[in-house]
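The values are calculated or read from the model by the stated rules, or taken from the named source; none is laboratory data. Please read these numbers as outputs of a predicted model, since none were measured by experiment. Note that we place each Cβ from the backbone using ideal geometry, even for glycine, and neighbour counts take in every protein chain shown.
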Amino acid sequence: MKVFDGNAEKVNQILTMAYFPFIDNLTYSHLSRWQKEVKAPTDISMTPKAVTMLTQSITEQNRMDLFRQRAARVGRDELCAVDSTSISTYGFNLVDIRWGRNKERLPLRQTVEVVVYSITSHMPIFYLELPGNMPDSRTVELIMKELEHAGFRNLILITDRGYESLKNLELYISKRQKVITSVKTGQGDVLKNIKAIDISSGIPDGMSYDPRSELFYSQYDCRYSVKGNGENIIEADRLKINLYFSVEGRARAITAMQNDISEQSVIAEWLIASGQIIADDRILRRQLDMLSLTIDDEKHVLTKFEVDQEKRETRLRTSGFFASKTIGLDLNPLQAMDNYGMRDEQEKCFQLQKGPLCQDRTRCWTESSKQGRMFICFIGLILASYVRSVWESSDYLHRWYGSTESVLAEMRTIRCIEHKGRLKFVTPFVGDQVEICKAFDFEIPVGCAPSYTSKAKSKTSKRGRPAKPKTVTQEI
């Protein structure tokens with residue numbers, strides 16, 4: 001209501017579109033017919049034309065105003081996972097689909113959507129649409145700038161290895177941004193610490209052991225400085241490398257490496273025996289990355305190969321290790337790992353978006369429609385995330401219902417009956433419907449609860465406190 005200046009009619013239309021896919025998993029072409037059967041926030045018939053007019057009326061300013069309302073709800077040092085997902089689209093005239101190759105090999109272009117999800121409050125707080133060819137490492141500066149414009153302060157960002165780059169590291173340091181990020185073990189400063197660890201006995205020398213996670217771990221302080229404005233030098237605030245080692249992970253990694261070498265050797269032998277012409281040697285070298293290849297430039301055929309010992313030694317050295325970095329935080333390696341592991345919640349957030357909210361495909365053909373659809377999808381994502389968080393936190397719901405869809409299905413038998421010239425009434429709440437209302441702290445409408453309080457008036461008047469009305473529990 002604050003975002004749209006108290007325009008209740010427009011807000012109810014947006015809420016209707018946000019509820020609809022989550023409840024019935026249908027496209028908006030069915031929305032107006034659905035309204036005839038289901039009590040929706042708006043009484044306006046949401047025909048395809050009405051849907052288009054509504055989505056095209058949502059502006060960039062509305063989007064930023066919504067983020068400012070979300071920022072007011074975010075506390076200090078909230079853990080926020082940053083990740084992106086690709087969304088296929090049917091609109092072939094959209095700007096963001098240029099070079100957006102589809103990962104699922106569908107005949108559709110794709111765009112990228114970044115979502116910042118608060119692991120502390122279990123709610124999405126920010127989204128951003130990007131071109132389909134934009135790599136994650138190039139988006140950090142834009143995300144941080146928009147978060148700042150929207151009024152978000154003192155967030156702890158959790159990112160995966162896709163956002164790792166030297167530029168981003170220096171950006172975090174210069175902006176004093178608190179970060180937990182996964183890093184590649186082949187990275188210079190991480191690899192240097194790994195090489196200093198003796199694992200000849202099978203157990204990494206000098207690392208501590210955690211019996212709960214069955215991991216060895218250690219932490220290293222790093223010094224790093226970047227140039228600020230003028231002659232100002234900004235020192236990294238508590239930049240630390242967290243190194244972990246898994247004995248089982250090392251065995252799996254070594255097995256995977258040997259399998260790669262064997263499979264690539266078979267392919268290379270076939271190429272030599274068949275005399276197959278190599279169309280693009282760069283692609284071949286990338287595919288057979290564990291081998292050192294000799295290619296005849298005149299005939300464009302593979303003549304000889306051998307195992308690349310340098311790559312083999314690097315993979316062997318780093319097998320079983322994984323690492324993370326923290327900036328501006330006082331966390332030991334186990335705390336950093338636990339906090340990073342919570343970002344799995346964001347994957348569930350994307351599952352909600354592409355599953356119950358039906359946003360695995362974008363069904364719009366203009367920029368304004370797409371922006372409006374994503375705004376409404378974000379509202380739906382907030383609602384769906386709330387339902388999911390209550391379902392996960394309630395032992396009763398989590399034990400008896402396998403998903404949030406099961407919870408919604410249980411409530412769908414409730415009817416609001418309206419006859420012309422008569423007061424509307426709601427059918428009784430029975431069975432687990434009562435428990436679901438308790439879990440969500442919903443007040444059951446008067447007369448719909450499975451208990452009945454007598455309205456009989458006392459026939460005799462007595463002195464003192466009047467007796468309480470009789471209450472009986474009706475059969476469910």
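Among the residues here, D83 does not qualify as acidic (D, E), closer than 30 Å to I156 by Cα, at pLDDT below 95 and touching a strand residue (DSSP E or B) at 6+ places or on another chain (Cβ under 6 Å). Which members of segment 223-246 meet the condition of being outside any loop (DSSP other than H, G, I, E, B) and either touching a helix residue (DSSP H, G or I) at 6+ places or on another chain (Cβ under 6 Å) or surrounded by 15 or more Cβ atoms within 10 Å (Cβ to Cβ) (or both)? V226, I234, K240, I241, N242, L243, Y244, F245, listed by residue number. Beta carbons closer than 6 Å, at least 6 apart along the sequence or on distinct chains, pair a first residue in segment 221-235 that is among the β-branched types (V, I, T) with a second that is surrounded by 11 or more Cβ atoms within 10 Å (Cβ to Cβ) and in a loop (DSSP other than H, G, I, E, B) for I234/G228. Consider segment 291-300 and keep the residues that are farther than 21 Å from I261 by Cβ and touching a residue at least 12 places away in the same chain (Cβ under 8 Å). The one that is surrounded by the most Cβ atoms within 10 Å (Cβ to Cβ) is H300. Within segment 172-222, the set of residues being in contact with a helix residue (DSSP H, G or I) (Cβ under 8 Å, 6 or more places away or on another chain), surrounded by fewer than 16 Cβ atoms within 10 Å (Cβ to Cβ), farther than 28 Å from K145 by Cα and of a type in the set (A, V, I, L, M, F, W, C) comprises I203 only.
Check segment 428-444 and report whether any residue there is assigned to a helix (DSSP H, G or I), β-branched (V, I, T), outside the structural domain of F20 (by TED's automatic domain parsing) and within 30 Å of S118 (Cβ to Cβ). Yes: segment 428-444 contains one or more residues that are assigned to a helix (DSSP H, G or I), β-branched (V, I, T), outside the structural domain of F20 (by TED's automatic domain parsing) and within 30 Å of S118 (Cβ to Cβ). Just one of the listed residues (S182, S174) is over 19 Å from the mean Cα position of the chain (by Cα), among the small types (G, A, S) and not assigned by TED's automatic domain parsing to the domain that holds K354, namely S174.
Of the residues making up segment 44-58, those that are of a type in the set (A, V, I, L, M) and touching a residue at least 24 places away in the same chain (Cβ under 8 Å) are I44, M46, A50, V51, L54, I58.
Here N154 passes the criteria (1) surrounded by 15 or more Cβ atoms within 10 Å (Cβ to Cβ); (2) among the polar types (S, T, N, Q); (3) at positive phi except the one numbered (1).
Here is the figure for segment 311-357: residues that are within 30 Å of S292 (Cβ to Cβ) and touching a Pro at 6+ places or on another chain (Cβ under 7 Å) total 0.
Only a single item in (1) of a type outside the set (G, A, S); (2) part of a loop (DSSP other than H, G, I, E, B); (3) modelled with pLDDT of 90 or more; (4) within 16 Å of S319 (Cβ to Cβ) is not met by R212, and it is number (4). Scanning segment 358-384 for residues that are in contact with a Pro (Cβ under 7 Å, 6 or more places away or on another chain) and surrounded by fewer than 22 Cβ atoms within 10 Å (Cβ to Cβ) yields a total of 2.
Filtering T85, T159 for residues that are surrounded by 15 or more Cβ atoms within 10 Å (Cβ to Cβ), among the hydroxyl-bearing types (S, T, Y), within 18 Å of Q353 (Cβ to Cβ) and under 21 Å from the mean Cα position of the chain (by Cα) leaves a single hit, T85.
Quick check, is V38 surrounded by 12 or more Cβ atoms within 10 Å (Cβ to Cβ), more than 26 Å from the chain's Cα centre (by Cα) and at pLDDT below 95? For V38, the condition - surrounded by 12 or more Cβ atoms within 10 Å (Cβ to Cβ), more than 26 Å from the chain's Cα centre (by Cα) and at pLDDT below 95 - is met. Just one residue in the set L352, L288 is buried (at least 18 other Cβ atoms within 10 Å of the Cβ), more than 30 Å from P204 (Cα to Cα) and not assigned by TED's automatic domain parsing to the domain that holds Y127; that residue is L288. Would you say T255 is surrounded by fewer than 12 Cβ atoms within 10 Å (Cβ to Cβ), touching a strand residue (DSSP E or B) at 6+ places or on another chain (Cβ under 8 Å) and not aromatic (F, W, Y)? In short, no. For the condition over 30 Å from K167 (Cα atoms) and part of a strand (DSSP E or B), S265 does not qualify.
Residues of segment 114-123 being closer than 17 Å to M374 by Cβ and crowded, with 22+ Cβ neighbours inside 10 Å, which ones? If the condition is that a residue be closer than 17 Å to M374 by Cβ and crowded, with 22+ Cβ neighbours inside 10 Å, then V116, Y117 are the ones that fit. Per this entry, K462 is not counted among residues that are surrounded by fewer than 13 Cβ atoms within 10 Å (Cβ to Cβ), outside the structural domain of I414 (by TED's automatic domain parsing), modelled with pLDDT of 65 or more and not polar (S, T, N, Q).
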